Structure formats: C-alpha cells, structure tokens
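Below: one structure, written as structure tokens.
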Amino acid sequence: MERLDRRLGALCATPMLLLLGLTFLAPLVVVAAFSIMPEKVFDLWHQPDFSAYVEVIRQGYWTSVAWALGMALVATVILFLICWPLAYAMAKVYRRFTLVLTIGVVLSLFVSENIRLFGWVLTLMKGGLIEGHLRAWFGTGFDGLLYNVPVIIFGLVYVYLPFMLFPLAQGIAMIPDDARQAAYDLGASRRRVLWEIDLPLAAPGIVVGGLLTFVLAAGAIAESKLLGGQAVIVIADDVETAFTYGQNWPLGSALAMVLIAIIGSIAIVGVSRIDLDAIMGRRR
Amino acid sequence: MNQNVILQIAGLYKRFGDFTALHSIDLKVHDGEFLAIVGPSGSGKTTLIRLFVGMDEPTDGTIWLRGQRIDTVPANQRPTCMVFQSLALFPHMTVGQNIEFPLKIRGMKPAERTARALELLDLLRLPRSYHGKRIHQCSGGERQRVALARALAFDPEILFFDEPLSALDYRLRKTLEKELKDLHARTGKTFVYITHSLEEAMAMSDRIAIMRAGKFEQIAPADDIYNRPVSRFVAEFMGEVNLFPLTVEESGAASAGSFTLPPRATARFGLVAGDPATLMVRPEYIGFVGAGTETEPDLSVRGRVLNEFNLGSRFQYEIEAEDGQRLTVETQRDERFGGAIGDTVTLGWAIDHCHVIRGE
C-alpha cells in the first residue's frame, strides 16, 4: 500500500516535472551554454571559452549589479517595515477586514505591472497629475518627481508589496497567542515580546517574504526603465541590451549567469537557514 | 500556613457586552496556601485568573496584592505569573532558554541564569542534560515540568495555574498532582489553581473555592466542601451524592419520602416546620442492612438493586427506593453486596453522616 502511494506520488508529479524541465531548466541550460561561447556567436557549435565572463569584468558591469542588488535590498527593508504592522493586523487583529484587504491587494495584481507603472509616470511626471496641479494652483512648478533612484525604489516597493505582505501575514499567523501572553506575563515589555517571540516565530514568513521581494526586485527592469529613466542602469537592463541592441548573446548569457549565481546563492542560504519544522517544533 | 492575606479582591465585576462573566466577587488568598478554584466550564474561572495576572481588566472592583492595588498594573509589571493550560512554552527556544527567559528579561548575567536554570531542573527532578534540549523533544510530563520551572524562575508572589493538567492522561495527571503538591510544600509559594476537576482540587489544595455562573458558591477546606456543602450545586459538583428534599412537620419529624427523620434529628439540624431543606448523604456512608448487622441504623430505606458498578477500589450500586427515588451506594470491595440485581434490600446510615442543606 505504501509502495503504491509512493508510485502514485511520482506519477502525479510527472507532468509538472516535465513542464518545469522543459520551461525552466532547458532555457537555463541554453543560457549557461551560451555564456561560455566566444563573443557574438548565435549557435552553440564553437570552442567554449570564458571570454564573455572576462568581458563582464572588463566592462565594469559590477556597478549595475550593485545598483540592482542595492535597490532591491533597500526596497525589501522598506517593504518589511511597512508590511509588518499591516500583516500583523491582518493575521491577529482584523477579522472580516482581512478578507477585504486581501482582495484589494490581489485585485491590484490583475492589472499589468507596466500599466500600473505608467499610471505612476503620469502622476509623477512634469506636467503630470501632481506637478500639473501644483503649477495650476500656485503658479510655480518643478521638474517632476521621476528619473531618480528614490522613485525607482518607490516603484519596487509599490509593485512587490503583495509578495512581502502575504508571506509575512502567514508567518505572523503562526505565532501562538499564548506564547506572546506568557512572555508578557513573565515580565517582557512589548518590545521584548516583539524581539524574543514575534520575530523568531514569524521568521519563516519573514524569510520567504524577504527572499521573494528581494529576488524579484533584483531582477526587475520595468521600474528602473519607466520611473527611473536613465538615472541608473540595473543588471537586468544590461542583459536585455546585450541580447537586443548589443546582439551579443554570450555576453548577455554571462551577465544573466552572474545574476543567477548571486541571487541563487542568497536564496539558498536564506532557505537553508530556516527550517520550518524546527522553528515550529513540529518535528516529532 | 500563616493567615496573612496575600491577595484580596473585592466587588470584582467583569462584563463582556451584555454578558456578566463575574458577578461581584470577593476573595482572600492566604500567604503560602494552595487554593483551588473549581467550577464547570463557563463559570468564569478562566476570566477570573486572567484578571489576576493582568491579561484583562476588571469592569469594576479592586485587586490588592499585599495591600497594593494591582488591577490597573499591566501584566508584565505584576509580580504574579501563570502556568497556561497550553503551557505556552516557547517552541523556538531550548528547555534552558525557556526557563531562563524571565531571568534574561530581568537582565541577569548568562552564567547566573544558567546556574539558576540548573537548580530549577533539579527542583523539578529533570536531568540537567535537558538544559540544551528542544521543547519538541520533551514528553508531555516533561513539558509540564519545564513550564513550572519557567514560572518558578520568575519567582512570583503568587503562581496561578489554568488547568495545566487537563490535557494529560490519567496516570501522568496523578503523578503530576503529587509532584505539584510536593512542590508547593517545598517552595512555600502561594498557588492558585484553576480546574474543573473536583478530584484534582481535593487531592492538592488546602482550600477550595467553588464557582458557579460568575460567583463563588462556597469557599472552604476540602473536607468542609465535601461533607458540608452549602448548596445542592456544591453537593452535586463534589461527586456522587444522595439528596432527599425534606418536609418538616409540626410534630418536629421530617418526611423525606421513603423515610422519616425523627424529631431529635430535626432538632439537631435546627429545622423548624416549613423550612425548605434537603438532606444529604454521601454514597460511602450508606450500607446494606442484613442479618449480620448488629446495631439498628438511625435511618433506613427499602429498595431494589438496579445495577452494580465495579469502580476498582469500590463497588457502586444504583438502588430504587419504594417511592421511586434513586439512591447511590458505595461499598468497600470486601463489603460487596452478595445478592443479585433485582433483589430487595434494606439500606441504612447514621444521622451523624447526614448533612442538611438549607433553602430551596
């Protein structure tokens, strides 16, 4: 019976495995293969070398990597600070309203990210909703609020809010109320309860939310392009340029591999640091 | 046990909307005593304990701890502490970290903390090696002890318990009851213990307070509560009982349906004609009257044996008296009824073993 169950499990997983293999793994392998091809070739039948990686270092692409990771990090931290109280309220305080809030946030995902960002462009640009009104009322305008680093980070925070909010709410929901009350009863201040009980027990949610937003934000391109203009170039932008205007697939692949390696190792460290079962004491 | 009052409450009310959970409660807890608060679920005992430790605020009334008003003091500044029904151990910490938690909050140095935690492990008879164990590696009984150790590490003025044993199996519960009573004796702390189990309360506590619908029905030592309950509710709550409504006549005699209380008995209980009263006899005081019985019992009833239950240490019988009233009788194993189900028997007991509950 148990063997049959196991076989059934494998059988059920097969379609998904095939799909993932075809759509996720295969392009990754192709990109990895292209990254070790000589410059500006469009097929894989060449002597492999690492000239593309040498080019990555020589042309100083690390600045765009640093911008992408730095802005992603700042956005993740801001998102955590914004979402913690809200997620706390959703998990522990609101009852009916949690559903309303969830639906509201999810609805925003129904509109394409680019369209929503264009909405912000119209709002923030010179002559847009804000600047235009101010000029009409007070007679003096300014240069608009677009095309700088803070507005890119604002865009990242705006777009990736659900990816922090929901895992965080899930994590907070796992904190047993009586553990909080017991800590309080044993003399801990509200701040100590937060530090000693809430944060460690919500850690799985924090890590998942943090990783999701960080990984997505680090690879994001639309925010820096639409809101940031040419203020800074992020690595994803470079990858796109290499593949399109640059017509240099090996360089684009090498850049992509570098990004994957950095983000992948961060994700692996993060995921391995949280053992969901151990944290929740569910391992028997 | 000295008679210093450590905790006093007066006129305590707690309302949730239209529902009054606690109705003008007064109580004095003596320093060093083991007080059990017993009541059926919904009687307000958990609400009461939450007010004691500060997880809720009373709607009205005052709580004093050693003469200091504490009802407005937040829970984390009260020198009291509670062992939760769920134990509320911190799952992400080791046994040692759990026990040391209140000490850490207080800012004690790590070395001192560990030393104290090890002492407490000794006190609770847990191996010192458990200091580094994870909570989920501990058994149910061990978790109880860890929760107790953590509460004792806090060194509270009063230790409150919210039915911490109710989720355990019978044997473990019995063991922990003994340990808890022993711990109370060794630490000299004041314990206030909430339970719905009469047995638990009887086994451990110095005094028992019976709660009913947000009020105390009776507060007295266990023996008094058992033998001299003030109401039918207490009598019935404290185990099996036989209750006979009495009708006191002008002659002084009182009729209980299937038997009559002689005037000397009603005089002894101070009953006069027209008083509403109920006669109570515990099942273990009633015996079978047979050929071998030498002295005539004070009171006797004839009836038919309906059923016999083997309780292990005793036998219990259900008997229907001639007027239809059901009686419960318990005997020791060596006094087991020799006859068969359906036999007609005579039951007898002494007036000394009767108790009269006044009122309706």
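The values are calculated or read from the model by the stated rules, or taken from the named source; none is laboratory data. Fair warning: this is a prediction, and the values are worked out from it, not measured in the lab. Positions of Cβ are generated from backbone atoms using ideal geometry, with glycine treated the same way; all protein chains shown enter the neighbour counts. Ligands, DNA and RNA are stripped out before the accessible areas are found, and what is left, the full protein with its side chains, is counted by its heavy atoms. Shrake-Rupley method; radii C 1.70, N 1.55, O 1.52, S 1.80 Å.
Values as computed for the structure displayed
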read-out	value
Selected residue (criterion: modelled with the highest pLDDT) from residues of region B:323-350 that are crowded, with 17+ Cβ neighbours inside 10 Å and outside any strand (DSSP E or B)	B:Gln325
Residue in region B:178-197 that is within 13 Å of the chain's Cα centre (by Cα) and open to solvent by 10 Å² or more (accessible area, probe 1.4 Å) present	yes
Criterion (in contact with a strand residue (DSSP E or B) (Cβ under 9 Å, 6 or more places away or on another chain) and either hydrophobic (A, V, I, L, M, F, W, C) or surrounded by fewer than 18 Cβ atoms within 10 Å (Cβ to Cβ) (or both)) met by exactly one of B:Glu250, B:Glu320	B:Glu320
Filtered residue count, region B:3-26, keeping only those that are open to solvent by 10 Å² or more (accessible area, probe 1.4 Å) and of a type outside the set (Phe, Trp, Tyr)	14
Residues that are open to solvent by less than 10 Å² (accessible area, probe 1.4 Å) and more than 8 Å from chain A (Cβ to nearest Cβ), drawn from region B:81-98	B:Val83, B:Val95, B:Gly96, B:Asn98
Complete set of residues in region B:158-172 that are among the charged types (D, E, K, R) and surrounded by fewer than 17 Cβ atoms within 10 Å (Cβ to Cβ)	B:Asp169, B:Arg171
Residue check for A:Asp185: within 14 Å of chain B (Cβ to nearest Cβ), open to solvent by 50 Å² or more (accessible area, probe 1.4 Å), more than 30 Å from A:Val121 (Cα to Cα) and among the acidic types (Asp, Glu)	no
Conditions (1) surrounded by 23 or more Cβ atoms within 10 Å (Cβ to Cβ); (2) touching a residue at least 60 places away in the same chain (Cβ under 8 Å); number of the one not met by A:Ala179	(2)
Qualifying residues in region B:99-114 (those that are more than 14 Å from chain A (Cβ to nearest Cβ) and of a type outside the set (D, E, K, R)) - the one surrounded by the most Cβ atoms within 10 Å (Cβ to Cβ)	B:Thr114
Total residues in region B:61-100, condition among the hydroxyl-bearing types (Ser, Thr, Tyr), within 19 Å of A:Arg190 (Cβ to Cβ) and touching a helix residue (DSSP H, G or I) at 6+ places or on another chain (Cβ under 9 Å)	1
Checking B:Thr187 against (1) away from chain A (no Cβ under 13 Å); (2) under 16 Å from B:Asn98 (Cβ atoms); (3) not hydrophobic (A, V, I, L, M, F, W, C), the condition it does not meet	(2)
Selection within region A:201-228 - more than 11 Å from A:Phe163 (Cα to Cα), part of a helix (DSSP H, G or I) and not β-branched (Val, Ile, Thr)	A:Leu201, A:Ala203, A:Pro204, A:Ala218, A:Ala222, A:Glu223, A:Ser224, A:Lys225, A:Leu226, A:Leu227
Some residue of region A:48-66 being among the β-branched types (Val, Ile, Thr) and open to solvent by 70 Å² or more (accessible area, probe 1.4 Å)	yes
Some residue of region B:117-134 being modelled with pLDDT under 95, touching a Pro at 6+ places or on another chain (Cβ under 8 Å) and within 10 Å of chain A (Cβ to nearest Cβ)	no
Filter result for the condition that a residue is modelled with pLDDT of 90 or more and small (Gly, Ala, Ser), over A:Gly132, A:Gly155, A:Gly127, A:Gly144	A:Gly155
Region B:144-161, subset more than 10 Å from chain A (Cβ to nearest Cβ) and not in a helix (DSSP H, G or I), residue nearest to the chain's Cα centre (by Cα)	B:Phe161
Residue count for region A:19-48, restricted to those that are part of a loop (DSSP other than H, G, I, E, B) and touching a residue at least 60 places away in the same chain (Cβ under 8 Å)	7
Residues satisfying the stated conditions in region B:51-69, i.e. within 14 Å of chain A (Cβ to nearest Cβ) and surrounded by 21 or more Cβ atoms within 10 Å (Cβ to Cβ)	B:Leu51, B:Phe52, B:Val53, B:Gly54
Per-region count, region A:230-284, residues assigned to a loop (DSSP other than H, G, I, E, B) and either modelled with pLDDT of 90 or more or of a type in the set (A, V, I, L, M, F, W, C) (or both)	5
Restricting region A:130-176 to residues that are buried (at least 21 other Cβ atoms within 10 Å of the Cβ) and not aliphatic (A, V, I, L, M), the residue that is farthest from the other protein chains (Cβ to nearest Cβ)	A:Gly155
Selection from region B:55-84 of residues that are in contact (Cβ under 8 Å) with a residue 40 or more places away in the chain, out of contact with any Pro (no Cβ under 6 Å at 6 or more places or on another chain) and either outside any loop (DSSP other than H, G, I, E, B) or among the aliphatic types (A, V, I, L, M) (or both)	B:Asp60, B:Gly61, B:Thr62, B:Ile63, B:Trp64, B:Leu65, B:Met82
